[in-house]
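Asks: Below are the structure tokens for one structure; questions will follow.
Just so it is clear, none of the values below were taken in a lab; they were calculated from the coordinates. Everything numeric in this text was worked out from a predicted model, so none of it was measured. Heads up, the Cβs are rebuilt from the backbone with ideal geometry, glycines too, and the neighbour counts pull from every protein chain shown.
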Amino acid sequence: MPNLHSLLRNIDGYKDEIIELQAGLTSRIALGPENNGTGEHEKAAYLQTIIEELKPDYIKEIRAPDKRARDGYRPNLVAKWKGKQPGPTIWVLSHMDIVPPGDHSLWATDPYEVKIDGDRIIGRGVEDNQHGIVSSFIGLKAILESGKRPRNNVGLVFVADEETGSKYGLEYLLKQHSNFFSSEDLIIVPDGGNKDGSMIEVAEKSLLWLKFTVIGFQCHGSTPDKGKNSLYGMAKLVVALNDLKQAFGQRDDLFNPPTSTFESTKTEPNVPNINTIPGKNIFYMDCRILPHHQPDDILVQVEKITSDVAAELGLEIQVEQVYRQDATNPTPIDAPVVKALAKAIKTIKNLNTEQIGIGGGTVAAFFRRAGIPAAVWVTTQDTAHQPNEYCLLSDLISDAKIFASVYMDELNEEGN
Ligand SMILES: [Zn+2]
């Protein structure tokens, strides 16, 4: 494959451009309204300019109405290039939005200013999900700038709102523009993987986010018998909810981790001062449930545990569902998208791939629910959402090569 090899070697020459892209994307802060941001507008406009340089056959900004966001909408970008032959399209879908940096004191550098440290590119969003944006784009750019055309149609999609539920991102796209994607297409979501890039995710757990409001009675810190301490109730409930791990303890080694997980996460502030016993505490739980268990059964058990604690302590406790995404049918491990990725990874890295299920939360589930097989894959150092988030330049280069190889599908051309 002399053509493919020289093309792939060209990608090594894109290092400076990759760093520049990462810096440009990181400085354009894309936080959704739930994360106290205004939306993905700046990042989308930057990407649109860059994409237009590659002269797509089709490009469209799709605006999902969201009153809370700047100008009342959330931007999504879809671009498509025709391949040498008609047929299915290879789509790579990445998300533009990020999560907040969190406690700035945990960062060694400004999270919105890319820093280079050897092979590391550091900054908020460089891995999640700019690694996907940059590698899928550079893979295509290298093909087009070498004067070639991909064998297959290639589509790049950059969505909003992945970090907070996808209502204004992929969910909106699939509802309003379902004709973009066909069940014949190959869909890659570069938003999950492992360190050597050998893992292809084909299945996800159900996702269930719960909000617990514990209501007692607020009083002075010196007179606890005049009130009911909601923080004590919350603590008891957090511990009692641990029972879910045993009650729904099935194991499936396709998944990593192999069991369902039930974790208490965020708490809301209660009282501002030390000498007041709180009368209201709110906390949240993030459940990732194997397809073997029904989320409805878990909700029944949660209600039971909650009402037991409430009765024992004389508190009122409300449970609300904040978000729920039930597990879908997995993507078959011999689906064309899985085979294409496995082949390209073997070509570029000489690695055998493993197909697995994960804890859920990637947008691939929306495609699977719509009957379109999707695979989640990228090479990742797994620093998403952490302070000092980073990705490796060498991973970006090798993943760009893998995308280029999938777009070109040279192996198919040779009849292998
Ligand atoms: Zn992500």
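Asks: Evaluate the charge dipole of the chain about its Cα centre and quote only its size in Debye, nearest 20, assuming +1 on the Cβ of each Lys and Arg and -1 on the Cβ of each Asp and Glu.
Replies: 580 debye
Asks: Starting at the first residue of the stretch 263-279, write each ³J(HN,Hα) from the Karplus equation 6.51 cos²θ - 1.76 cosθ + 1.60 with θ = phi - 60°, in whole Hz, x for Gly and Pro.
Replies: Calculated HN-Hα couplings, in order: 10, 6, 10, 7, 10, 9, x, 10, 9, x, 10, 6, 9, 10, 7, x, x Hz.
Asks: Between GLU204 and residues 5 or more places away or on another chain, which pairs have amide H atoms under 5 Å apart, with H built 1.01 Å from N, and which residues are they?
Replies: The list, which skips near neighbours in sequence, is THR328, ILE358.
Asks: Between TYR323 and residues 5 or more places away or on another chain, which pairs have amide H atoms under 5 Å apart, with H built 1.01 Å from N, and which residues are they?
Replies: TRP209
Asks: Now for a separate question. Hey, can you grab everything whose amide H is under 5 Å from the amide H of VAL114? Only 5+ residues off in sequence or another chain; H modelled, so Pro and N-termini drop out.
Replies: none
Asks: Give the relative contact order (percent, whole number) for the chain; include only Cα pairs under 8 Å separated by 6+ residues.
Replies: On the way: 901 pairs, mean separation 97.3, N = 416.
Once divided by the residue count of the chain, the mean separation gives 23 percent.
Asks: Among residues other than SER27 whose Cβ falls under 13 Å from its Cβ, what is the net charge (Lys/Arg +1, Asp/Glu -1)? Working shown, then result.
Replies: Working: positive: ARG28, LYS43, LYS115, ARG124; negative: GLU20, GLU42, ASP110, GLU113.
Charge balance near SER27 sits at 0.
Asks: Which whole-Hz couplings ³J(HN,Hα) result when phi for each residue of the stretch 179-193 is put into the Karplus expression 6.51 cos²θ - 1.76 cosθ + 1.60, θ = phi - 60°, listed in order with x for Gly and Pro?
Replies: For the stretch 179-193, the Karplus curve yields 6, 4, 10, 10, 5, 7, 5, 9, 10, 10, 10, x, 9, x, x Hz.
Asks: Same structure again: With everything on Cα atoms, drop me the angle between helix 41-52 and the longest principal axis of the chain, reported from 0 to 90° to the nearest 10.
Replies: Orientation of helix 41-52: about 10 degrees from the principal axis.
Asks: Between their Cα atoms, which of LYS84/LYS141; LYS148/LYS343; LYS343/LYS401 are more than 18 Å away from each other? Present the calculation step by step, with values, prior to reporting the outcome.
Replies: Details: LYS84/LYS141 16 Å; LYS148/LYS343 21 Å; LYS343/LYS401 12 Å.
Long pairs (Cα-Cα over 18 Å): LYS148/LYS343.
Asks: Here's something else I'd like to know. What's log10 of I(q)/I(0) for the chain at q = 0.07, 0.08 Å⁻¹, Debye sum over Cα points only, no solvent?
Replies: Log10 I(q)/I(0), no solvent term: -0.37, -0.48.
Asks: Quick one: Karplus J couplings for the stretch 25-32, per residue in order, coefficients 6.51, -1.76, 1.60, θ = phi - 60°, nearest Hz, x for Gly and Pro?
Replies: 6, 5, 6, 9, 6, 10, 9, x
Asks: Relative to the longest principal axis of the chain, what angle (0 to 90°, nearest 10) does the C-alpha long axis of helix 393-408 take?
Replies: 60 degrees
Asks: If neighbour count is taken as other Cβ atoms inside 10 Å, put ARG124, ARG68 in order from fewest to most.
Replies: Details: ARG124 27, ARG68 13.
By the 10 Å Cβ count, ascending, the order reads ARG68, ARG124.
Asks: Net charge near GLY13, counting Lys/Arg +1 and Asp/Glu -1 over other residues with Cβ under 14 Å of its Cβ? Don't jump to the answer; show the numbers that get you there.
Replies: Details: positive: ARG9, LYS15, LYS141, LYS401; negative: ASP12, ASP16, GLU17, GLU20, GLU145.
Around GLY13, the charge tally is -1.
Asks: For the stretch 334-404 and the stretch 299-332, write down the distance between their C-alpha centroids in whole Å.
Replies: For the stretch 334-404 versus the stretch 299-332, the Cα centre distance is 32 Å.
Asks: As I understand it, the value is the acute angle between the Cα axis of helix 230-240 and the longest principal axis of the Cα atoms of the chain; what does it come to in degrees, rounded to 10?
Replies: So the inclination is approximately 60 degrees.
Asks: If neighbour count is taken as other Cβ atoms inside 10 Å, put LEU170, LEU93, LEU210 in order from fewest to most. Mind dumping the intermediate values first?
Replies: Values: LEU170 26, LEU93 32, LEU210 23.
In order of increasing Cβ crowding within 10 Å: LEU210, LEU170, LEU93.
Asks: Between the stretch 121-160 and the stretch 173-250, what's the alpha-carbon centroid distance in Å?
Replies: Rounded to whole Å, the Cα centres lie 31 Å apart.
Asks: For ALA79, what is the net charge nearby, where nearby means another residue's Cβ is under 9 Å from its Cβ and Lys, Arg count +1, Asp, Glu -1? Before the final figure, lay out the partial values.
Replies: Values: positive: LYS60, LYS80; negative: GLU52, ASP57.
Once all neighbours under 9 Å are counted, the net charge is 0.
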